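Enquirer: First, the structure itself, so that you have it in front of you.
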Protein chains: 2
Amino acid sequence: MKNKLLVVGTMAFDEIITPTATSGKTLGGAATYIGLAASFSDADTGVVSVVGEDFPQKHLDLLIDKGIDLKGVEQVKGGKTFYWKGKYHDDMNKRDTLDTQLNVLADFKPKVPEHFRDASVVMLGNLAPSVQQEVLDQLLPDSNRVILLDTMNFWMDVALSELLEVIKKVDIITINDEEAMQLSGENNLVKAAKAIHQMGPEFVIIKKGEHGALLFYKDHPFYVPALPLEKVVDPTGAGDSFAGGLSGYLAAQQCASPEKIKEGILRGTAAASLCVGTLGTAGLEQSNKEDFLAQLYKLERLRTIASK
Amino acid sequence: MKNKLLVVGTMAFDEIITPTATSGKTLGGAATYIGLAASFSDADTGVVSVVGEDFPQKHLDLLIDKGIDLKGVEQVKGGKTFYWKGKYHDDMNKRDTLDTQLNVLADFKPKVPEHFRDASVVMLGNLAPSVQQEVLDQLLPDSNRVILLDTMNFWMDVALSELLEVIKKVDIITINDEEAMQLSGENNLVKAAKAIHQMGPEFVIIKKGEHGALLFYKDHPFYVPALPLEKVVDPTGAGDSFAGGLSGYLAAQQCASPEKIKEGILRGTAAASLCVGTLGTAGLEQSNKEDFLAQLYKLERLRTIASK
């Protein structure tokens, strides 16, 4: 029996404009990227999310084919799926949101399926903190459960107190560098991580995009570089892929020791590298475990002094 | 007998303004930082440079006390030392040059002392490419010699053809990310490194400041993170300290295999971490080999999965 990873997050239609490409209306959403990335690890992954009647069966089939349990995904009759449109600058670290339509997400009440209430690892993807909280409230008590949370500046702006309530309860937070500084009020990552530790999470992972990721654990830092890529087509979903690679690995290992979390960061980084080379979810969709392991190997070589 | 490292670069008066501190007129210059950082390694380091009559003996004594041979440093009677004044933005990755007075540097003709013409490692610090070339011209032939070069965008703007001539002859180039893109005309670091390989250097090291350094060797990348620091006081000289830590180590090892160069990048990174925590050269001046090794150890922990 595989270990269970429960994921909550958005499923969406994205419309992405990069300096070199446009996606049209395509599959997106945090839970989608997390689920796809987690599928490289040997966990039993279930998603809690919501879509509209307009959400095509082929998208659902794609995820089911990847071994993802969608019994927690509600499809709202007559409803429209969450929609996001964004445009990246020439410097793809920057993007503007052109349109957001919450649609069925506005009234979303997550329902964790019975068979995922004992999940050993829970990944709270980027979403309203109140929804993340509602998921936690439905879980069976388990003092060994590992809870991860990803969030973004939007929730700090509009729902900070709810967000802080959820952050108290998580073991591992993944957050990008600017957002870590916003959340902590510090303009230095070491100080920001210390402040975020105080909020609850024992493990603070700061995502720095093309510059890699930094784990702070008891103030000891650990660094994983991103793979240098000749072509970055679309950064959308890179952070979610990271979270999926990490949380999928922790579930498969049934262990969240510092060493396993560091290994998980390597896996998250490898998943993200498969994500950004194509538009939208295409890179994750088209990659199998072999492709994933090849990236993981490149990442190990990137960190290794000995030549072959 | 120790192995010889020959360094060419500026010696200067710097006046540095950061968001939190001002240095007044203080010791600076690429050769100064390189020499101080190289002194953490067990090499016989000699500097070729020029200063004015206004350059205080205490600065020279400081370097001599660190074991640096200054017989190649010309002191021009009645001349004034090169002066640079710069101001950092709140984002200390950005700075403005407020004043530059070349003074004795304008007519500098480097003279490599007889006993350094057989140096096994040569570090061409950031300086006019014509001066870097004149140093190479004075060396005794040695097919095993390792030549490193550091440069900046200014020389690409005003002396590109001379710069390209020198670059042809070097084994290792250290250059920051933006400058690598300017030199290559590429807007991607992997492509930029490939293009710079074509110009001559077998080893291309791209410095990314707080985000670490990337080595490209036969298109295989190797990454060393910078140490996360709670307080960065002054980034001046960080790149020169990196070059000094690297080149000093290669000289001491009398070997520039890919493995030694990777180890050298760790040493350069450790030296840079000692530099940026204080104004000007104070951090390097006050640090001994023990402090240096402590940074090196922290850097290894930063890259290591196993806990203690």
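Enquirer: Scan region B:257-305 for residues that are within 13 Å of chain A (Cβ to nearest Cβ), of a type outside the set (A, V, I, L, M) and not in a helix (DSSP H, G or I) and jot them down.
Expert: The answer is B:SER257, B:GLY277, B:ARG303, B:THR304.
Enquirer: Please find, among A:ALA252, A:ALA193, the residue that is in contact (Cβ under 8 Å) with a residue 60 or more places away in the chain, of a type in the set (A, V, I, L, M) and in a helix (DSSP H, G or I).
Expert: A:ALA252
Enquirer: Let me ask another. Scanning region A:108-134 for residues that are free of Cβ contacts under 8 Å to residues at least 40 places away in the same chain and acidic (Asp, Glu), which turns out surrounded by the most Cβ atoms within 10 Å (Cβ to Cβ)?
Expert: Filtering region A:108-134 for residues that are free of Cβ contacts under 8 Å to residues at least 40 places away in the same chain and acidic (Asp, Glu), the one surrounded by the most Cβ atoms within 10 Å (Cβ to Cβ) comes out as A:GLU134.
Enquirer: Enumerate the pairs (first residue in region B:143-163 and among the aromatic types (Phe, Trp, Tyr); second residue anywhere and loosely packed, with under 13 Cβ neighbours inside 10 Å and part of a helix (DSSP H, G or I)) with beta-carbon separation below 6 Å, excluding pairs fewer than 6 apart on the same chain, so at least 6 apart or on different chains.
Expert: So the pair list comes out empty.
Enquirer: Can you work out which of the residues in region B:216-231 that are more than 19 Å from B:THR304 (Cβ to Cβ) and surrounded by 19 or more Cβ atoms within 10 Å (Cβ to Cβ) is nearest to the other protein chains (Cβ to nearest Cβ)?
Expert: The qualifying residue nearest to the other protein chains (Cβ to nearest Cβ) is B:PRO221.
Listed here are the residues, each with its yes/no results for (1) within 27 Å of A:GLN133 (Cα to Cα); (2) modelled with pLDDT under 95; (3) buried (at least 23 other Cβ atoms within 10 Å of the Cβ); (4) of a type outside the set (Asp, Glu).
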position	(1), (2), (3), (4)
A:ILE16	no, no, yes, yes
A:THR20	no, yes, no, yes
A:THR26	no, no, no, yes
A:THR32	yes, no, yes, yes
A:THR45	yes, no, yes, yes
A:ASP61	no, no, no, no
A:VAL76	yes, no, no, yes
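Enquirer: Specify which of the listed residues (A:LEU164, A:LEU140, A:LEU160, A:LEU124) is within 16 Å of A:ILE34 (Cα to Cα) and of a type outside the set (Val, Ile, Thr).
Expert: None of the other options fit; the residue is A:LEU124.
Enquirer: Scan (1) within 25 Å of A:SER143 (Cβ to Cβ); (2) in contact (Cβ under 8 Å) with a residue 24 or more places away in the chain; (3) not small (Gly, Ala, Ser); (4) not in a helix (DSSP H, G or I) for the single condition A:PRO221 breaks and write down its number.
Expert: Checking A:PRO221 against (1) within 25 Å of A:SER143 (Cβ to Cβ); (2) in contact (Cβ under 8 Å) with a residue 24 or more places away in the chain; (3) not small (Gly, Ala, Ser); (4) not in a helix (DSSP H, G or I), the one that fails is (1).
Enquirer: Does region A:83-91 include one or more residues that are without any contact (Cβ under 8 Å) to a residue 40 or more places away in the chain and over 19 Å from the mean Cα position of the chain (by Cα)?
Expert: Yes, some residue in region A:83-91 is without any contact (Cβ under 8 Å) to a residue 40 or more places away in the chain and over 19 Å from the mean Cα position of the chain (by Cα).
Enquirer: Would you pick out the residues in region B:196-215 that are in contact (Cβ under 8 Å) with a residue 40 or more places away in the chain and either outside any helix (DSSP H, G or I) or more than 12 Å from chain A (Cβ to nearest Cβ) (or both)?
Expert: Looking only at region B:196-215, we keep the residues that are in contact (Cβ under 8 Å) with a residue 40 or more places away in the chain, and these are B:201, B:203, B:205, B:209-210, B:212-213, B:215.
Selection gives B:PRO201, B:PHE203, B:ILE205, B:GLY212, B:ALA213, B:LEU215.
Enquirer: Kindly indicate which of A:ASP137, A:ASP171 is closer than 28 Å to A:GLU74 by Cα, without any contact (Cβ under 8 Å) to a residue 60 or more places away in the chain and not hydrophobic (A, V, I, L, M, F, W, C).
Expert: A:ASP137
Enquirer: Going by the conditions given, is B:GLU202 surrounded by fewer than 24 Cβ atoms within 10 Å (Cβ to Cβ), within 20 Å of B:PHE40 (Cα to Cα) and either of a type in the set (Gly, Ala, Ser) or modelled with pLDDT of 95 or more (or both)?
Expert: Details: surrounded by fewer than 24 Cβ atoms within 10 Å (Cβ to Cβ): yes; within 20 Å of B:PHE40 (Cα to Cα): no; either of a type in the set (Gly, Ala, Ser) or modelled with pLDDT of 95 or more (or both): yes.
No: the conditions fail for B:GLU202.
Enquirer: Mind checking which residues of region B:183-195 are away from every other protein chain (no Cβ under 14 Å) and surrounded by fewer than 17 Cβ atoms within 10 Å (Cβ to Cβ)? Outline the logic, then answer.
Expert: Kept after step one, since they are away from every other protein chain (no Cβ under 14 Å), are these residues of region B:183-195: B:183, B:185.
Within region B:183-195, just B:GLY185 meets the criteria.
Enquirer: Here is a follow-up. Determine which member of the set A:GLY244, A:GLY264, A:GLY248 is within 30 Å of B:GLY264 (Cα to Cα) and of a type in the set (Gly, Ala, Ser).
Expert: None of the others qualify; the one that does is A:GLY264.
Enquirer: Could you list, in sequence order, the residues of region B:93-107 that are loosely packed, with under 14 Cβ neighbours inside 10 Å and either free of Cβ contacts under 8 Å to residues at least 12 places away in the same chain or among the hydroxyl-bearing types (Ser, Thr, Tyr) (or both)?
Expert: B:LYS94, B:ASP96, B:THR97, B:ALA106, B:ASP107, listed by residue number.
The values are calculated or read from the model by the stated rules, or taken from the named source; none is laboratory data. The shown structure was predicted, so the numbers you read here are calculated from the model rather than taken from an experiment. For neighbour counting, all protein chains shown are included, and Cβ atoms are generated from backbone atoms with ideal geometry for every residue, glycine included.
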